[in-house]
Amino acid sequence: MKPMQSSLKKWMQENKNFQENYIKIKEEVVNDPEIKEFLSLHPQLTQREIDRNLIKLYEYKTQSKQCSSCSSFEQCQNMLQGYSPILQIENGEIRLSYEKCHSRLLHEKEQQQQKLIQSLYMPKEILQARIEDIDHSDRQRNQAVLELLNFLGKADGSLPQKGLYFHGPFGVGKTYFLGAIANKLREYNISSMIIYMPEFVREIKGSFKDDSINEKIDYFKKADVLMLDDIGAEMQSAWFRDEILGSILQYRMMERLPMFFTSNYSLAQLEGQLASTRSGVETVKAGRIIERIKQVSTPVNIEGDNRRE
Ligand code: ADP
Ligand code: MG
């Protein structure tokens with residue numbers, strides 16, 4: 001008789017725990033601010049319907065909504081990485097579904113770009129550059145920092161039409177600025193493509209063999225923000241200047257998509273650089289490129305010490 005009694009007691013005990021747990025969960029669920037709002041928007045839901053769907057509501061409550069509790073895609077804490085829950089009513093019933101979150105969409109976009117374009121490689125220090133780490137005491141860079149903050153302030157709402165053209169001597173931190181801007185834009189769910197100009201020319205010339213050239217150019221045309229690092233340092237080719245760079249600039253200018261550049265040359269100097277190719281000195285064609293650069297970016301000079309030393 002004894003074992004029977006004790007197992008009955010155990011069952012009753014567990015059942016009591018279950019009951020208590022159930023009540024606790026139910027309380028947590030109905031007091032959750034987002035669930036409260038959902039329920040108040042759908043007053044037709046009966047208590048029975050709510051009780052029947054308590055597990056769904058609980059699941060919704062525990063998941064991070066559009067990255068509200070996650071710092072990045074990699075740190076996503078949801079059951080399905082990169083998916084955010086949505087609570088709806090369908091045919092009078094509570095329905096829980098999932099959609100891709102901002103971070104996942106951005107992650108997928110970046111992966112696609114990386115897969116297609118081999119040379120999007122940037123040094124680690126540039127990839128980790130942060131606006132917060134920019135040295136504000138350096139007065140020689142104040143103007144550039146101001147312009148950069150101004151751009152980012154506007155980008156928090158919608159993407160400004162013009163980016164910046166940073167020019168100045170070697171080692172003052174021009175490329176570092178690009179990295180820092182790209183990282184800040186990422187927080188606003190805006191993806192950027194940074195490419196080192198000499199690599200860009202090599203990449204495009206190298207893709208003649210396969211048919212990927214048009215697809216690649218399309219990525220450069222349509223990227224949210226395109227950043228060309230070290231323009232003027234590439235091997236000059238009339239074909240690249242007019243057919244590739246020219247058409248990307250033209251597209252972005254028409255679509256009002258911002259661009260960033262870094263260069264050792266001012267725009268006037270770059271014009272001279274772009275004009276001299278093996279086909280001779282072509283000032284008109286170079287001038288056309290400079291005009292378009294001015295449409296998609298504002299020039300800013302950066303002076304200062306060489307930080308590489
Ligand atoms: P540039 O592109 O003008 O030639 P870089 O951006 O490559 O110069 O910067 C030169 C070096 O100084 C790099 O090693 C970079 O990481 C470092 N650097 C530049 N700006 C900063 C900064 N604000 N804080 C820390 N390191 C910086
Ligand atoms: Mg650089």
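The values are calculated or read from the model by the stated rules, or taken from the named source; none is laboratory data. Predicted, not measured: the structure shown is a model, and the values here were computed from it. All Cβ positions, even for glycine, are placed from backbone atoms using ideal geometry, and neighbour counts span all protein chains on display. With ligands, DNA and RNA removed, areas are computed over all heavy atoms of the protein, side chains included. Shrake-Rupley method; radii C 1.70, N 1.55, O 1.52, S 1.80 Å.
Given only helices, namely DSSP H runs of n ≥ 4 each adding -39500 (n - 2.57), what is the per-residue ellipticity at 222 nm of the chain, to the nearest 500 deg cm²/dmol?
Roughly -15500 deg cm²/dmol at 222 nm, from the helical runs in the chain.
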Amide proton proximity set for Y196, modelled H, under 5 Å, gap of 5+: D229
Lysines with Cα under 19 Å of K221, excluding same-chain neighbours fewer than 8 positions away: K109, K115, K162, K205, K294
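Report, in cubic angstrom per residue, the convex hull volume of the C-alpha atoms of the chain. Don't skip to the end; give the middle numbers.
Working: hull volume 70.7 nm³, N = 309.
Convex hull of Cα atoms, per residue: 229 Å³.
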Area projected by the alpha carbon convex hull of the stretch 228-309, averaged over all directions, nm²: 5.8 nm²
K154 paired with E291, simple spin-label distance in nm, labels 7 Å along Cα-to-beta-carbon: 2.2 nm
Bins of 10 Å from zero: percent of alpha-carbon pairs in the stretch 15-104: 16, 43, 30, 10, 0
FRET efficiency, 1/(1 + (r/R0)^6) with R0 41 Å, evaluated for K100 and T283 via beta carbons: 0.25
Helix 174-187 axis, angle to the chain major axis (alpha carbon atoms, nearest 10°): 30 degrees
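Heavy atoms only, probe 1.4 Å: what % of the accessible area of the stretch 131-270 goes to carbon and sulfur, would you let me know? It would help to have the intermediate numbers written out before the result.
Details: 2940 of 6060 Å².
The nonpolar share, carbon plus sulfur, comes to 48 percent.
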J(HN,Hα) series, the stretch 14-30, from Karplus relation 6.51 cos²θ - 1.76 cosθ + 1.60, nearest Hz, glycine and proline x: 4, 4, 5, 4, 4, 4, 5, 4, 4, 5, 5, 4, 4, 4, 4, 5, 6
FRET efficiency estimate (nearest 0.05) - Cβ-Cβ, K109 to N214, R0 30 angstrom: 0.95
Degrees, to the nearest 10: 197-206 long Cα axis against longest axis of the chain: 80 degrees
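Sorted by average packing, counted as other Cβ atoms within 10 angstrom per residue and highest first, what order do 168-176, 122-130, 82-90, 36-44 take? It would help to have the intermediate numbers written out before the result.
Details: 168-176: 19.4, 122-130: 14.0, 82-90: 16.7, 36-44: 11.4.
Ranking the peptides 168-176, 122-130, 82-90, 36-44 by packing returns 168-176, 82-90, 122-130, 36-44.
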Translational diffusion of the stretch 230-276, µm² s⁻¹ [Kirkwood Rh, Cα pairs; Stokes-Einstein; 4 °C; 1.567 mPa s]: 113 µm²/s
In Å², nearest 10: area of V201 left accessible to a 1.4 Å probe: 10 Å²
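So if each residue of separation counts as 0.36 nm, and I subtract the Cα-Cα distance between Q88 and I55, what length gain in nm does that give?
Values: separation 33, 0.36 × 33 = 11.88 nm, distance 1.46 nm.
Between Q88 and I55, full extension yields 10.4 nm more.
Looking at the chain, what % of its DSSP beta bridges pair antiparallel, to the nearest 5?
In the chain, approximately 40 percent of DSSP beta bridges are antiparallel ones.
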Segment K24-A233, extension gain: residue separation times 0.36 nm, minus the distance between their alpha carbons: 68.7 nm
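May I have the convex hull volume per residue, in Å³, for the Cα set of the stretch 183-258? Don't jump to the answer; show the numbers that get you there.
Details: hull volume 7.2 nm³, N = 76.
Per residue, the Cα convex hull of the stretch 183-258 comes to 95 Å³.
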Degrees between helix 142-155 axis and first principal axis of the chain (Cα, 0 to 90, nearest 10): 50 degrees
